[in-house]
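Data first, discussion second: the structure below is written as structure tokens.
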Amino acid sequence: MTASFKRVVLDSNVIVSAILNPQGVAADALGLALEYFEIVASKESLDELLDLLKRPKFDRYLSRDDRLEDLRDYINLTKKIPVTLEVLDCKDPKDNKFLALALTANAQLIISGDKRDLINMSPDRGIDIIGVRDFIDNHKKYR
């Protein structure tokens, strides 16, 4: 990765979906993000991912050990950013961490599977917030 790569934030639901279904659209979006962007993550976003991926309800899709191994791989591919801003804009307070991360990291884009709250805010403070399919179909315009 070079410094010329634009930064992107991935909502937890995108990563969980990509890990649970490696042939799905979220995995395709993750692959494009890894190839063409610098994915940024924060302690808060990674903590949420860890909590989600430990849930027993996902055992039927992939073992816990495999999920956590995939999470470690994802963590190694991201740029960790200490978030220095507090954001309270989101209808769902759990989504504030993604907007705060994007603002702190100067990310141009947030990719989310949350069609109810986060995507409905787009654009917010100059950051586009788009869905997985929209990202796949239009990723070239964001590069």
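The values are calculated or read from the model by the stated rules, or taken from the named source; none is laboratory data. It should be emphasised that the depicted structure is a prediction, and the values quoted were computed from it without experimental measurement. No Cβ is skipped: glycine too gets one built from the backbone with ideal geometry, and neighbour counts run over all protein chains shown.
Does L101 count as part of a helix (DSSP H, G or I), of a type in the set (A, V, I, L, M, F, W, C), within 13 Å of the chain's Cα centre (by Cα) and over 22 Å from Q23 (Cβ atoms)? Let's see the steps before the verdict.
Details: part of a helix (DSSP H, G or I): yes; of a type in the set (A, V, I, L, M, F, W, C): yes; within 13 Å of the chain's Cα centre (by Cα): yes; over 22 Å from Q23 (Cβ atoms): yes.
It is true that L101 is part of a helix (DSSP H, G or I), of a type in the set (A, V, I, L, M, F, W, C), within 13 Å of the chain's Cα centre (by Cα) and over 22 Å from Q23 (Cβ atoms).
Screening I129 on (1) over 18 Å from L20 (Cα atoms); (2) touching a Phe, Trp or Tyr at 6+ places or on another chain (Cβ under 9 Å); (3) part of a helix (DSSP H, G or I) shows it passes everything except condition (3).
Name the one entry in K115, K141 that is modelled with pLDDT under 90, surrounded by fewer than 19 Cβ atoms within 10 Å (Cβ to Cβ) and within 18 Å of A18 (Cβ to Cβ). Step through it out loud before you land on a result.
Details: K141 fails: within 18 Å of A18 (Cβ to Cβ).
Unique residue meeting the criteria: K115.
Tell me, please, whether a residue that is assigned to a helix (DSSP H, G or I), among the charged types (D, E, K, R) and modelled with pLDDT of 95 or more can be found in region 73-87. Within region 73-87, one or more residues are assigned to a helix (DSSP H, G or I), among the charged types (D, E, K, R) and modelled with pLDDT of 95 or more.
Of all residues being under 21 Å from V83 (Cβ atoms) and buried (at least 21 other Cβ atoms within 10 Å of the Cβ) in region 17-38, which is nearest to the chain's Cα centre (by Cα)? Just the residue, please. Steps first, please.
From region 17-38, those under 21 Å from V83 (Cβ atoms) are 33, 37-38; that's our starting set.
Right, trim to buried (at least 21 other Cβ atoms within 10 Å of the Cβ) and you get 33, 37.
Values: A33: 9, F37: 12 Å.
My answer is A33.
Residue-level check: of (1) more than 20 Å from A27 (Cα to Cα); (2) crowded, with 19+ Cβ neighbours inside 10 Å; (3) within 13 Å of the chain's Cα centre (by Cα), C90 misses just (3). Taking the condition of a type in the set (A, V, I, L, M, F, W, C), in contact with a helix residue (DSSP H, G or I) (Cβ under 7 Å, 6 or more places away or on another chain), farther than 26 Å from I136 by Cα and touching a residue at least 40 places away in the same chain (Cβ under 8 Å), does V87 pass? In short, no.
Counting only residues that are of a type in the set (D, E) and not in a helix (DSSP H, G or I), which one in region 1-60 is nearest to G113 (Cα to Cα)?
Here is the first cut: in region 1-60, the residues of a type in the set (D, E) are 11, 28, 35, 38, 44, 47-48, 51, 59.
Those still in the list that are not in a helix (DSSP H, G or I) too: 11, 38, 59.
Working: D11: 7, E38: 19, D59: 21 Å.
That would be D11.
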